[in-house]
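Here the structure is laid out as structure tokens; the discussion comes afterwards.
The values are calculated or read from the model by the stated rules, or taken from the named source; none is laboratory data. Model, not experiment: these values are computed from the prediction. Cβ sites come from the backbone with ideal geometry, for glycine too, and all protein chains shown count toward neighbours. With ligands, DNA and RNA removed, areas are computed over all heavy atoms of the protein, side chains included. Shrake-Rupley method; radii C 1.70, N 1.55, O 1.52, S 1.80 Å.
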Amino acid sequence: MKNTPLVSQYEIERNREIAENIGRLNNGKNLKYYIESYGCQMNEHDAEKLGGMLINMGYTATEDKNEADIIIFNTCCVREHAELRVFGNIGALKKLKDERPDVIIAVCGCMMQQKSVAEHLYKRYPFVNIVFGTHDIHNFPTFVENALCGDRTLITRNIDGEIPEGLPIRRSGSFSTHVIIMYGCNNFCTYCIVPYVRGRERSRDPQAIIDEVKAVVAQGYTEVTLLGQNVNSYRSSDGQVNFPKLLKMVSEVDGLKRLRFMTSHPKDLSDELIEAMATTNKVCHHIHLPVQSGSNRILKLMNRVYTREKYLETVEKLRSKVKDIEITTDIIVGFPTETDEDFKDTLSLVEQVGYSAAYTFMYSPRKGTRAAEMDDQIPQEVKKQRLKELNDLEASILQKNNLKFIGMKGEVLVEGCDKREGNTMAFGKLSNFKMVYFPGSEDLIGKYLNVEVTDTHHNSLIGKMIEE
Ligand code: 5AD
Ligand code: SF4
């Protein structure tokens, strides 16, 4: 499918100039920005883009909103809980704004991509200067300019924008980073708001992706995670490059050590992708494969387009072809009409697969989605009870499964150092995404080291450094 160009490169260029002008005005003022980001990695990445633009406008990052000159809430609307938190946190800013009226407050992200919510927030909180949706990130310098001139901005364009290329990015972390390969989602799982707020699938040009990976490697990053709502449906606009091909192309970037990706939809995880995972050296042996439910009846109502049996078949194929692969998942409990029997099917699937991590959620009705209109919504108490039962089961499976790693040797990328209790423990992830803690100091951060697993601790593993 051809992408429809709606966001012109002109808009991006114009905003770059506006940012530079603001940067000149702000020069020497030591201004700061604070971003609070909710939700998924896609949102985190949007926050990194806002950070990049803010740096061009002369602001530096701060962790303390009390000293910030611009405060941004990058919202998520995937579940209600995150939404309520945002409203509460924005309300709490009124006092700060009364004391320092010059502070610019902006609210953006998926939640603001819902027109009625954005309008409601804009009216309810007159002290918020800027409200904008996910499709207008590249216009952020214009909104800041408006705010500096005393004008408020409210913009929620419900369009599938052209992919804005070339925005500055302030990446968090120093060794591992994300590169977006596609935006939007076409799957319309019946519980999910994402296709409504993030729009239709649009794949980035493979060369733009490779150039970005080369650029981050040149900055010192050695591990890259390719991001998309459903990476399996990545396809270049000329139809020549699908996701397995892209993985191979990206893995050829010199200096890159590890390549990860997420998220994969089980319905179209191809043999070609499994083959690419098995044979492309830099690709890590981990896959995040959200199952959502173990009941065929619920999977159908969710519009997931696979059955439990098909999912298990895919898991088997992955395990037989990709050495020591670990699988993580997302699960929703309490989807409308879910019976005890359906829930038991989920529990048994979790036991059967043996995930190395499961992100579990109570179903949260999202306005405008099909599931929110379904009869037989499940009472909150039942959802809570099922979530607890599922989490307890996952924890006990995890404890048992973790034992299989004892004695295993592998390479970790050291992410940090924990100095609690007088012990200095370095930690990092194996290729399979398992976290290993081992005696080590801060100077190891960013290095690839061989470790042997000696013990387990809750979700993680304990180990020691070994010679290669
Ligand atoms: N309620 C609960 N969980 C949801 N997710 C997406 N939409 C909802 C919802 N309405 C979960 C899914 C998805 C993850 C990112 O969030 O499990 O995989
Ligand atoms: Fe939502 Fe389903 Fe798309 Fe994932 S694949 S973003 S759950 S609609």
_If the requirement is being under 25 Å from the mean Cα position of the chain (by Cα), modelled with pLDDT under 95 and of a type in the set (Ser, Thr, Tyr), which of these qualifies: SER431, SER460?_
SER460
*When you go through GLU316, GLU338 one by one, which is the residue that is of a type outside the set (Lys, Arg) and surrounded by fewer than 22 Cβ atoms within 10 Å (Cβ to Cβ)?*
GLU316
_in contact with a strand residue (DSSP E or B) (Cβ under 9 Å, 6 or more places away or on another chain) and open to solvent by 30 Å² or more (accessible area, probe 1.4 Å): is that true of PHE433 in this structure?_
yes
*Any chance segment 221-229 includes a residue that's part of a strand (DSSP E or B), open to solvent by less than 20 Å² (accessible area, probe 1.4 Å), touching a Phe, Trp or Tyr at 6+ places or on another chain (Cβ under 8 Å) and within 16 Å of ligand 1 (Cβ to nearest atom)?*
yes
*Take segment 230-240 and flag every residue that is in a loop (DSSP other than H, G, I, E, B) and within 16 Å of ligand 2 (Cβ to nearest atom).*
ASN230, TYR234
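Every residue, every condition in (1) of a type outside the set (Val, Ile, Thr); (2) open to solvent by 10 Å² or more (accessible area, probe 1.4 Å); (3) more than 16 Å from ligand 1 (Cβ to nearest atom), yes or no:
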residue	(1), (2), (3)
VAL197	no, no, no
VAL213	no, no, yes
LEU247	yes, no, yes
LYS257	yes, yes, yes
THR280	no, yes, yes
*Kindly check whether there is at least one residue in segment 250-258 that is outside the structural domain of TYR355 (by TED's automatic domain parsing), within 23 Å of the chain's Cα centre (by Cα) and either assigned to a helix (DSSP H, G or I) or of a type in the set (Gly, Ala, Ser) (or both).*
yes
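Within segment 183-203, is there a residue that is more than 16 Å from ligand 2 (Cβ to nearest atom), under 17 Å from the mean Cα position of the chain (by Cα) and farther than 21 Å from ARG16 by Cα? Reasoning before the result, please.
In the first step, residues of segment 183-203 are kept if they are more than 16 Å from ligand 2 (Cβ to nearest atom); the result is none.
No - not one qualifying residue is present in segment 183-203.
Residue-wise test of (1) closer than 30 Å to LYS267 by Cα; (2) touching a strand residue (DSSP E or B) at 6+ places or on another chain (Cβ under 8 Å); (3) more than 16 Å from ligand 1 (Cβ to nearest atom); (4) of a type in the set (S, T, N, Q).
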position	(1), (2), (3), (4)
ARG171	no, yes, yes, no
HIS178	yes, yes, no, no
ILE193	yes, no, no, no
ARG200	yes, no, yes, no
*Please work out which one of (1) within 16 Å of ligand 1 (Cβ to nearest atom); (2) in a loop (DSSP other than H, G, I, E, B); (3) within 18 Å of ASP205 (Cβ to Cβ) is the condition SER264 fails and give its number.*
(3)
*Between a first residue in segment 175-195 that is open to solvent by 30 Å² or more (accessible area, probe 1.4 Å) and a second residue that is among the hydrophobic types (A, V, I, L, M, F, W, C) and within 11 Å of ligand 1 (Cβ to nearest atom), which pairs have beta carbons less than 6 Å apart while being 6 or more apart in sequence or on different chains?*
none
*With respect to ILE105, determine if the residue is open to solvent by less than 10 Å² (accessible area, probe 1.4 Å), out of contact with any helix residue (DSSP H, G or I) (no Cβ under 6 Å at 6 or more places or on another chain) and over 20 Å from SER364 (Cβ atoms).*
yes
*Restricting attention to strands (runs of 3 or more DSSP E) lying wholly within segment 301-418, give those where 3 or more residues are closer than 20 Å to LEU289 by Cβ and away from ligand 1 (no atom under 12 Å from the Cβ).*
none
_Residue that is surrounded by fewer than 15 Cβ atoms within 10 Å (Cβ to Cβ) and without any contact (Cβ under 8 Å) to a residue 12 or more places away in the chain, where the choices are GLU80, GLU17, GLU67, GLU63_ = GLU17
*Any idea which of (1) open to solvent by 30 Å² or more (accessible area, probe 1.4 Å); (2) among the β-branched types (Val, Ile, Thr); (3) under 19 Å from MET42 (Cα atoms) is the one ILE155 doesn't satisfy?*
(3)
*asked:* touching a Gly at 6+ places or on another chain (Cβ under 6 Å) and within 15 Å of ligand 2 (Cβ to nearest atom): which single residue out of TYR363, TYR311 fits that description?
replied: TYR363
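Working carefully through the options MET425, MET408, MET465, find the one that is open to solvent by 80 Å² or more (accessible area, probe 1.4 Å) and farther than 23 Å from MET262 by Cα.
On the way: MET425 fails: open to solvent by 80 Å² or more (accessible area, probe 1.4 Å); MET408 fails: open to solvent by 80 Å² or more (accessible area, probe 1.4 Å).
Step by step, each of MET425, MET408, MET465 is checked, and only MET465 is open to solvent by 80 Å² or more (accessible area, probe 1.4 Å) and farther than 23 Å from MET262 by Cα.
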_Quick check on segment 282-300: of everything there that is under 22 Å from the mean Cα position of the chain (by Cα) and within 15 Å of ligand 1 (Cβ to nearest atom), which residue is surrounded by the most Cβ atoms within 10 Å (Cβ to Cβ)?_
ILE287
*Go through segment 230-245 and count every residue that is within 16 Å of ligand 1 (Cβ to nearest atom) and either basic (Lys, Arg) or in contact with a Phe, Trp or Tyr (Cβ under 7 Å, 6 or more places away or on another chain) (or both).*
2
*Select from segment 27-47 the residues that are modelled with pLDDT under 95 and open to solvent by less than 30 Å² (accessible area, probe 1.4 Å) and list them in ascending order.*
TYR38, MET42, ASN43, HIS45, ASP46
*Using the structure shown, decide if THR263 is within 16 Å of ligand 2 (Cβ to nearest atom), open to solvent by 10 Å² or more (accessible area, probe 1.4 Å) and not charged (D, E, K, R).*
yes
